[in-house]
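What follows is one structure encoded as C-alpha cells, with my remarks underneath.
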Amino acid sequence: MTDFPYGTALIVGAGPGISASLARKLAELGLKVGLAARDVGKLAALAAETHAITFTADASNANAVGMLFNQVDERLGEPDIVVYNASARAHGPITEIDPAAVEKAVAISALGGFYVTQQAAKRMTPHGRGAILLTGASASVKGFPLSSAFAMGKFALRGLAQSAARELGPKGIHVAHFVIDGGVRGARRQDPADKPDSTLDPDAIARTYIDVLRQHRSAWSLEVELRPWLEHF
C-alpha cells in the first residue's frame, strides 16, 4: 500500500528524459499510467517497462486533445494527474524566422498546454481533486537570443499555470509549474568529466515532481525552479 494521493496519470508529450523518469516513478507507486505523443512507436520500450497505455495525439490541435482524453477515459479511466511536457522550438533571428514555424512552436508549447489543462480541469472539477503539472524551461523566465518562439511559448505556459492555479486551487486541483533551468542529462547530453552533476538528472527532476504531488493542500507549491548546483543565475 502507498500513501500517494493519486491513482491514474496521463503524461502528454511523453518521450525520453523527464517523461520517462516520471512514468517509471509513478508506475513504481502503483499508478496506472498513460503516455501520449505524436509518435508512440518511440514509447514502446517505456510502455512495456511501466505497463503504460500509449495514445497518439497532436497536442496543438484542440479536437485531437479532446479525443485523446475521451480515449483515456475509456481505456485508462479519468486521470487525476495530468502532466504537460510537450514543447517545440523555432530557432533563428527575428528578421529571418518563418512566421509559420513560430505559429506551430507556440501552438505546441502554449496552446497545447491550455487544451490539455482545460480537458483535465473538466474531469477533475466535479471530483474536487486532482493535479495538473506543466513543464517549463529557462525560457519561461528569460528570453534568449534567436529563441523568440520558444520564449513566447514558455512565457505563455507559465502565465497559464499562474492563472489556472488561482482558479482551480480553490476547487481542490493542484496546478504547479516547473522551471527546468538547465540542460537535462540524456543520451545526447552527458556530464563533462570535469564537471560532475552539471546537467539535470531526469530521475532527480522526477523525484521533485513526486514530492510536489505529495504536498498537503495547506502548503501547495505553484512554481518550482530546478537547476544544477553549478548553474549561475
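Couple of notes before you dig in:
- Calculated semi-axes √(5λ) of the Cα gyration tensor in Å (choose from [x] 33, 23, 16; [y] 28, 19, 17; [z] 26, 21, 19), label: [z]
- Only Lys, Arg, Asp and Glu carry charge here, each on its Cβ (+1 for the first two, -1 for the last two); on that basis the chain has a dipole of about 280 debye about its Cα centre.
- Shape call, the range 79-214: gyration tensor on alpha carbons, a/c limit 1.5: oblate
- Phe144-Thr56 FRET efficiency (beta carbon distance; Förster radius 30 Å; 0.05 resolution): 0.40
- Reach of Lys32 by Cα under 23 Å, taken over lysines that are not fewer than 8 positions away in the same chain: Lys42, Lys122
- Model label zone, Glu49; criterion: amide N under 18 Å from point 7 Å along Cα-to-beta-carbon; scope the range 189-212: 189-191, 200-210
- Restricting the calculation to Cα atoms, the range 1-64 shows an Rg/Rh of 0.99 when the hydrodynamic-style radius is the Kirkwood one.
- Accessible surface, per residue, of the range 5-155 when the full set of protein chains is kept, probe 1.4 Å, Å²: 43 Å²
- Where both bridge residues fall in the chain, DSSP classifies roughly 5% of the beta bridges as antiparallel.
- Overall, the accessible surface of the chain at a probe of 1.4 angstrom is composed of carbon and sulfur to the extent of 53 percent.
The values are calculated or read from the model by the stated rules, or taken from the named source; none is laboratory data. As the structure is a computational prediction, the values presented were derived from the model and not from experiment. Virtual Cβ from ideal backbone geometry, glycine too; neighbours counted across all protein chains shown. Side chains included, ligands, DNA and RNA excluded: accessible areas come from the protein's heavy atoms. Shrake-Rupley method; radii C 1.70, N 1.55, O 1.52, S 1.80 Å.
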